[in-house]
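A.B. asks: Have a look at this one.
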């Protein structure tokens, strides 16, 4: 257990950031699963509108350093590839 006041505060801050990051990652995973579900149902019209929301979430997570920017770009590229294959 840390003794210094700054170490105690950094632990509190890290805990808050960790829970926030987990929440964002969880929402991102849910939206990715929903997009995959739309593609498996062959609902391309709704998938095209939903992909904008997914891209926005990926970009925001990358901007906040929750995920790496290259990871966000890779995921976006692969999602567009899957969408174009089904369309």
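The values are calculated or read from the model by the stated rules, or taken from the named source; none is laboratory data. These numbers come from a predicted model, not from an experiment. All Cβ positions, even for glycine, are placed from backbone atoms using ideal geometry, and neighbour counts span all protein chains on display.
A.B. asks: Name the pairs whose Cβ atoms lie under 8 Å apart, with the first residue in the stretch 75-87 and more than 15 Å from residue 53 (Cα to Cα), the second assigned to a loop (DSSP other than H, G, I, E, B) and at pLDDT below 95, and 6 or more positions between them or separate chains?
C.D. replies: Matching pairs, first to second residue: 86/42.
A.B. asks: Any residue that is in a loop (DSSP other than H, G, I, E, B) and surrounded by 13 or more Cβ atoms within 10 Å (Cβ to Cβ) - is there at least one of those in the stretch 60-81? Reasoning before the result, please.
C.D. replies: So in the stretch 60-81, the residues in a loop (DSSP other than H, G, I, E, B) come out as 64-68.
Now narrow it down to the ones that are surrounded by 13 or more Cβ atoms within 10 Å (Cβ to Cβ): 66-67.
Yes.
A.B. asks: Looking for whichever is loosely packed, with under 13 Cβ neighbours inside 10 Å, out of contact with any helix residue (DSSP H, G or I) (no Cβ under 7 Å at 6 or more places or on another chain), at pLDDT 95 or above and within 16 Å of residue 83 (Cβ to Cβ) here; the options are 33, 41, 53. Which one fits? Reasoning before the result, please.
C.D. replies: Numbers: 41 fails: at pLDDT 95 or above; 53 fails: out of contact with any helix residue (DSSP H, G or I) (no Cβ under 7 Å at 6 or more places or on another chain).
Answer to the check: 33.
A.B. asks: Next question. Can you tell me which of 43, 59 is under 18 Å from the mean Cα position of the chain (by Cα) and free of Cβ contacts under 8 Å to residues at least 40 places away in the same chain?
C.D. replies: Values: 43 fails: under 18 Å from the mean Cα position of the chain (by Cα).
Among 43, 59, only 59 is under 18 Å from the mean Cα position of the chain (by Cα) and free of Cβ contacts under 8 Å to residues at least 40 places away in the same chain.
A.B. asks: Something else: Give the residues of the stretch 4-30 that are surrounded by 12 or more Cβ atoms within 10 Å (Cβ to Cβ) and either touching a strand residue (DSSP E or B) at 6+ places or on another chain (Cβ under 9 Å) or closer than 18 Å to residue 64 by Cα (or both), sorted by residue number.
C.D. replies: Matches in the stretch 4-30: 17, 20, 21, 24, 25, 27, 28.
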